[in-house]
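Reviewing the structure listed below.
What follows is calculated from the coordinates using simple rules that are stated; it is not laboratory data. Everything numeric in this text was worked out from a predicted model, so none of it was measured. In this analysis, Cβ positions are derived from the backbone assuming ideal geometry, glycine residues included, and neighbour counts consider all displayed protein chains.
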Amino acid sequence: MNAINWFEIPTADFARATRFYERILATPLRVDDSFPNIKLAILPSSEDGVGGALVQMEQAKPNPDGVRVYLNGGDDLAAILDRVPAAGGKVIMPKTFLREEIGHIALFADSEGNVIGLHSLH
């Protein structure tokens, strides 16, 4: 059992946010508009892993001090973090080593103003 089963990142400008995440993650997101009045851009995850999505919310108001989600930073989160400024985001906390068994984390503000974390072992 996982503590989290699904997460959503609110977006006021769905197209802009989708482009931002596709650019920093260097992969296309799958847009799903099959739900009534809900548009999602699904973030990559393994079939048995915890998934999440960008969700269109016209009145989205980011809260940089609210709940924080950490995305998988892959082998080295620096690769993703390096693409954040050019994609329209801002690095809030650079790659930071915690300890050997945990690895590294970083924080960035996305194109919508949400503060999102990254985690990787290296």
Where a label projected 7 Å from the Cα of T27 along Cα→Cβ would reach, residues of region 98-122 with amide N under 17 Å: 117-122
Sequence ranges 74-86, 90-102, 22-34, ranked by mean other-Cβ count within 10 angstrom, highest first: 74-86, 22-34, 90-102
On Cα atoms only, tilt of 78-87 relative to the major axis of the chain in degrees: 40
Cross-link reach list, aspartates and glutamates versus K61, counting only Cα pairs under 17 Å and skipping chain neighbours closer than eight places: E8, D13, D110, E112
Net lengthening on full extension, E58/E8 (0.36 nm per residue, minus Cα-Cα): 16.6 nm
Within the chain, percent of DSSP bridges classed antiparallel, to nearest 5: 70
Sites H119 and I38, calculated FRET efficiency, Cβ-Cβ separation with R0 25 Å, nearest 0.05: 0.35
Read-out Rg and Dmax of the Cα atoms in Å, derived from the coordinates shown; its label in (i) 14.1, 45; (ii) 15.7, 51; (iii) 19.1, 63: (i)
Alpha-carbon centroids, region 41-105 and region 1-30: separation in whole Å: 9
For L43, distant residues with modelled amide H under 5 Å away: G52, A53, L54
